[in-house]
Every structure is written in structure tokens, then in C-alpha cells.
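The values are calculated or read from the model by the stated rules, or taken from the named source; none is laboratory data. Owing to the predicted nature of the structure, the values given are computational and were not obtained by experimental measurement. Every residue, glycine among them, receives a Cβ derived from its backbone with ideal geometry; neighbour counts consider all protein chains shown. For the accessible areas, the whole protein counts, side chains as well, though only heavy atoms, and no ligand, DNA or RNA atoms are used. Shrake-Rupley method; radii C 1.70, N 1.55, O 1.52, S 1.80 Å.
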Amino acid sequence: MDIGQRVKDLRTLKGMKVVELAKKAHISQPYLSDIEKGRTTPSIDKLTSICEALDVTLGEFFGYTPNLPPDLLQLIETAKKLTPEERKALTTFLQTLKG
């Protein structure tokens, strides 16, 4: 797995700029850029900070999918393809369903 590319993909998916993610993860922007370009590999502590800033677990970062029913897995895969705005609207909709 290309860790830097995965960070960049998740950052882009979340609609974040490099400087924004770096600030949220408490790392420098040049260091984050080096990670994304594959020039350096973050320590597990730094990667954990990045994941927290991206609102994903380390398991999700590395592609772990819990043993969920097929319909929930399909929902997750579909939601991954939505824009941040669409995900927010979907979340609001789902919250209204559960009352």
C-alpha cells in the first residue's frame, strides 16, 4: 500500500487542503506534503493523528472492513462515492429516519 497516496486520496475525498489537514493533524504542511509524495513514511503516532484528522480509523485507513451484513457494506461503498456535501445530506436524512 502506498501510504502517502492513501492519505492524499482520503484528504481529497474529505475536501481538505494540505494545509488544513496538516493543521488538524498537528504536523507541518511540508511534512504532510513529503508523506503524500512518498518522500517519507509517518510514524504510527503521526499516522494516527492524520487518521483522526481525517475522521477514519487506522483499520479503515488500511482497508479493514468489519464483518457487516451485505446491505450495510453496499451502503458504505455507495456513501464513499458521494461528495462531502452529499454525505452530509445523507447523514441528516438518515438521522431523521431514526427519529
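General observations
- Checking residue 76 against (1) within 29 Å of residue 34 (Cα to Cα); (2) part of a helix (DSSP H, G or I); (3) in contact with a Ser or Thr (Cβ under 9 Å, 6 or more places away or on another chain), the condition it does not meet: (1)
- Residue satisfying all of: in region 22-53; part of a helix (DSSP H, G or I) and closer than 14 Å to residue 5 by Cβ; most open to solvent (accessible area, probe 1.4 Å) among these: 34
- Qualifying residue in region 76-97 (condition: polar (S, T, N, Q), at pLDDT below 95 and in contact with a Leu (Cβ under 7 Å, 6 or more places away or on another chain)): no
- Residue tally, condition assigned to a helix (DSSP H, G or I) and either open to solvent by 30 Å² or more (accessible area, probe 1.4 Å) or in contact (Cβ under 8 Å) with a residue 40 or more places away in the chain (or both), over region 1-17: 10
- Checking 15, 38, 4, 99 one by one, the residue that is at positive phi and in contact with a Gly (Cβ under 7 Å, 6 or more places away or on another chain) is 38 and no other.
- Matching entry among 89, 53, 79, 22 (being without any contact (Cβ under 8 Å) to a residue 60 or more places away in the chain, among the hydrophobic types (A, V, I, L, M, F, W, C) and out of contact with any helix residue (DSSP H, G or I) (no Cβ under 7 Å at 6 or more places or on another chain)): 89
- When each of 82, 90 is tested for being within 15 Å of the chain's Cα centre (by Cα), aliphatic (A, V, I, L, M) and open to solvent by less than 70 Å² (accessible area, probe 1.4 Å), the lone residue that passes is 82.
- Of the criteria (1) assigned to a loop (DSSP other than H, G, I, E, B); (2) under 10 Å from the mean Cα position of the chain (by Cα); (3) at pLDDT 95 or above, which one residue 56 fails: (3)
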